[in-house]
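What follows is a single structure, written as C-alpha cells, with notes after it.
The values are calculated or read from the model by the stated rules, or taken from the named source; none is laboratory data. Keep in mind that what you see is a predicted model, and the values were worked out from it rather than measured. Positions of Cβ are generated from backbone atoms using ideal geometry, with glycine treated the same way; all protein chains shown enter the neighbour counts.
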C-alpha cells in the first residue's frame with residue numbers, strides 16, 4: 001500500500017513538473033510607462049561597397065538605417081582604400097602637396113557610405129595583417145610626417161582640399177588595436193604613445209572642431225567581477241592623455257563574446273575607469289563587437305579544421321549570432337556607451353552578408369532591431385532574463401504604432417505577451433515576424449490577440465518582432 005502511494009505521489013509530482021515546464025514565459029508591456037528613447041546603437045564597420053566594388057550593398061544598408069559606419073579593414077584582405085598607405089602611397093612624398101595623395105578609390109567608398117545615411121568614423125591607420133610578412137603595421141619612421149599625412153586626409157574630406165569635400169566627418173580614430181602584435185602593430189608601447197601624442201596634437205591644432213580618439217583596444221585589461229583593471233599599456237595611454245592634456249574625445253574598445261550581458265558589463269566598467277581618471281567628458285565607443293562561438297578564438301584560428309571554422313562561421317551568421325546581436329543591442333540600451341559598431345556590415349566571415357552578397361540571419365536580426373526604432377519612445381517591460389532573454393518595446397505617436405522585440409537565447413519556447421495601455425481604442429492588428437534557422441524575418445500568419453495577450457512559440461535561438469497597430473489603420 002505504501003509503495004503504491006509513493007508511486008501515485010511520484011506520478012503526481014511528475015505531472016505537476018510537466019505542467020510547470022509547459023507554462024509560457026510571461027512578458028509584459030505597459031505602453032503608458034515611458035522609459036526614455038530607444039537608442040540606435042547598431043552602427044557597423046565597413047561600408048556597402050564590397051569585393052572592390054563588385055558587390056554594392058547600399059540598399060541593404062539603407063534598410064538598416066545604420067547610424068554610423070567605422071572605416072576599418074575595408075576591402076580586407078586587400079585594403080587598397082582608407083588606410084594611410086593606400087591614400088598616401090609614397091611615404092617619402094611631401095604631405096603638403098595634393099599630388100602626393102591618391103584619394104580616388106576612397107572617395108568612391110565614402111560616397112557610398114554617405115548614400116546610406118550613416119555617419120562616418122574614420123580610422124586613421126592600417127588594416128590588420130595576418131600574413132607572416134608585415135607591410136604596413138610598422139611604426140612610422142617619422143611620426144610628425146605621418147601626422148601631417150593624417151591632417152591631409154582630414155583636410156580633404158572636411159575642408160575641400162585636394163579637390164575634396166566638406167563632409168564634416170566628426171570622429172577621427174588614431175590606429176586600431178596597437179596591443180595586438182604583430183598583426184596590428186610591430187612596435188613598442190612607447191612608439192605608439194609617441195605616435196598618438198604627435199598626431200592628436202597636430203590634428204587638434206589644425207582642426208579644433210573634430211573629435212579625436214583611440215585606440216581601438218582589443219585587450220585593455222582584466223575583469224575582476226564587475227571591475228576592470230586596465231592593462232599596463234592601456235593605463236599608460238590614459239595617463240599620457242591626462243598628464244599631457246592630449247585630445248581624447250572618445251575612447252574606443254572591442255568585445256567578442258558569447259554572452260550579450262558581457263557587452264553592457266564591460267561598458268559600465270570602462271566608463272568607471274574613464275571617470276576615475278578624470279575623463280568624464282570622454283565618449284565610450286564599443287566600435288568592434290560580435291558573437292564569438294564558445295567564447296574562444298580557437299574555433300576560427302589557423303589551427304582549427306575547416307569544418308570547425310565553417311561551423312563557427314555558420315553560427316555567427318545564423319540564428320545564434322543574430323539572436324546574440326539583438327540581445328546585445330537591447331542590453332546595451334541601459335549601458336553607459338555612446339557609440340557601438342558591429343564588426344562588420346560587409347560580406348564574408350563576421351559579416352552580415354555571404355561572400356556573394358546574400359543577407360544572412362544576423363542581417364535580418366539587425367533589421368528587426370532597426371524596425372523597433374520606428375517606435376522610438378521606449379516603454380516599460382518585464383520578463384527579460386539577463387543573458388538568456390532580452391526584451392524591449394516602444395511606441396510612436398501621430399501615426400500610431402507599437403512594437404515589441406524579443407531575443408530568446410536560451411529561454412523556454414512558449415511566450416505569453418501581455419499588453420496594457422495601448423494608446424488607441426478599438427481592435428488591434430498584430431504582425432509577428434520571426435528570425436530563426438528556418439525563417440528570415442518572415443511573417444508568421446495567424447497571430448491574433450486574445451484580449452490583451454498574445455501567445456506564441458519562440459524556439460531558441462530566435463528573434464521575434466511584434467508590431468501593433470489600430471485595426472482601422474491600413
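With respect to residue 270, determine if the residue is over 18 Å from residue 437 (Cα atoms), out of contact with any strand residue (DSSP E or B) (no Cβ under 9 Å at 6 or more places or on another chain) and assigned to a helix (DSSP H, G or I). No.
The number of residues in the stretch 32-75 that are part of a helix (DSSP H, G or I) and out of contact with any strand residue (DSSP E or B) (no Cβ under 9 Å at 6 or more places or on another chain) comes to 5.
Taking each residue of the stretch 317-329 that is farther than 12 Å from residue 408 by Cα and looking for partners that are in a helix (DSSP H, G or I) with beta-carbon atoms closer than 6 Å, six or more apart or interchain, yields 317/362; 318/361; 329/369.
To keep it simple, each residue is scored yes or no on (1) out of contact with any strand residue (DSSP E or B) (no Cβ under 6 Å at 6 or more places or on another chain); (2) part of a helix (DSSP H, G or I); (3) within 20 Å of residue 208 (Cβ to Cβ); (4) outside the structural domain of residue 59 (by TED's automatic domain parsing).
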| residue | (1), (2), (3), (4) |
| --- | --- |
| 93 | yes, no, no, no |
| 99 | yes, yes, no, no |
| 111 | yes, yes, no, no |
| 115 | yes, yes, no, no |
| 130 | yes, no, no, no |
| 134 | yes, no, no, no |
| 148 | yes, yes, yes, no |
| 152 | yes, yes, yes, no |
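Collect the residues in the stretch 229-266 that are farther than 30 Å from residue 298 by Cα and not in a helix (DSSP H, G or I), keeping them in residue-number order. Correct list: 244, 245, 246, 247, 248, 249, 250. Residue 413 meets all of the listed conditions (1) more than 30 Å from residue 51 (Cα to Cα); (2) touching a helix residue (DSSP H, G or I) at 6+ places or on another chain (Cβ under 9 Å) but one, namely (2).
Just one of the numbered conditions (1) touching a strand residue (DSSP E or B) at 6+ places or on another chain (Cβ under 9 Å); (2) assigned to a helix (DSSP H, G or I); (3) under 23 Å from residue 124 (Cα atoms) is not true of residue 214: (2). Checked against (1) closer than 23 Å to residue 225 by Cα; (2) touching a residue at least 60 places away in the same chain (Cβ under 8 Å), residue 282 passes all but condition (1). Reported count of residues in the stretch 233-260, each being touching a helix residue (DSSP H, G or I) at 6+ places or on another chain (Cβ under 8 Å) and surrounded by fewer than 16 Cβ atoms within 10 Å (Cβ to Cβ), is 2.
Within the stretch 56-70, is even one residue in contact (Cβ under 8 Å) with a residue 60 or more places away in the chain, buried (at least 22 other Cβ atoms within 10 Å of the Cβ), under 13 Å from the mean Cα position of the chain (by Cα) and on the phi > 0 side of the Ramachandran plot? Checked against the condition, which is being in contact (Cβ under 8 Å) with a residue 60 or more places away in the chain, buried (at least 22 other Cβ atoms within 10 Å of the Cβ), under 13 Å from the mean Cα position of the chain (by Cα) and on the phi > 0 side of the Ramachandran plot, the stretch 56-70 yields no hits at all. Evaluated against (1) under 20 Å from residue 26 (Cβ atoms); (2) assigned to a strand (DSSP E or B), residue 429 falls short on exactly one condition, (1). Mind checking whether some residue in the stretch 137-145 is more than 24 Å from residue 190 (Cβ to Cβ) and assigned by TED's automatic domain parsing to the domain that holds residue 198? Looking through the stretch 137-145, none of the residues is more than 24 Å from residue 190 (Cβ to Cβ) and assigned by TED's automatic domain parsing to the domain that holds residue 198.
For first residues located in the stretch 126-138 and within 16 Å of residue 71 (Cα to Cα), partners that are not in a loop (DSSP other than H, G, I, E, B) and lie 6+ apart or on another chain with Cβ distances below 7 Å form the pairs 126/84; 126/85.
Annotation note: of 405, 454, the sole residue that is touching a helix residue (DSSP H, G or I) at 6+ places or on another chain (Cβ under 8 Å) and assigned to a strand (DSSP E or B) is 405. Checked against (1) closer than 30 Å to residue 327 by Cβ; (2) in contact with a helix residue (DSSP H, G or I) (Cβ under 9 Å, 6 or more places away or on another chain), residue 76 meets all criteria but (2).
Only one of the numbered conditions (1) touching a helix residue (DSSP H, G or I) at 6+ places or on another chain (Cβ under 7 Å); (2) surrounded by fewer than 22 Cβ atoms within 10 Å (Cβ to Cβ); (3) within 22 Å of residue 410 (Cβ to Cβ) is not met by residue 294, and that is (1).
Has the stretch 281-288 got any residue that is out of contact with any strand residue (DSSP E or B) (no Cβ under 9 Å at 6 or more places or on another chain), surrounded by fewer than 21 Cβ atoms within 10 Å (Cβ to Cβ) and at pLDDT 95 or above? For the stretch 281-288, residues out of contact with any strand residue (DSSP E or B) (no Cβ under 9 Å at 6 or more places or on another chain), surrounded by fewer than 21 Cβ atoms within 10 Å (Cβ to Cβ) and at pLDDT 95 or above: present.
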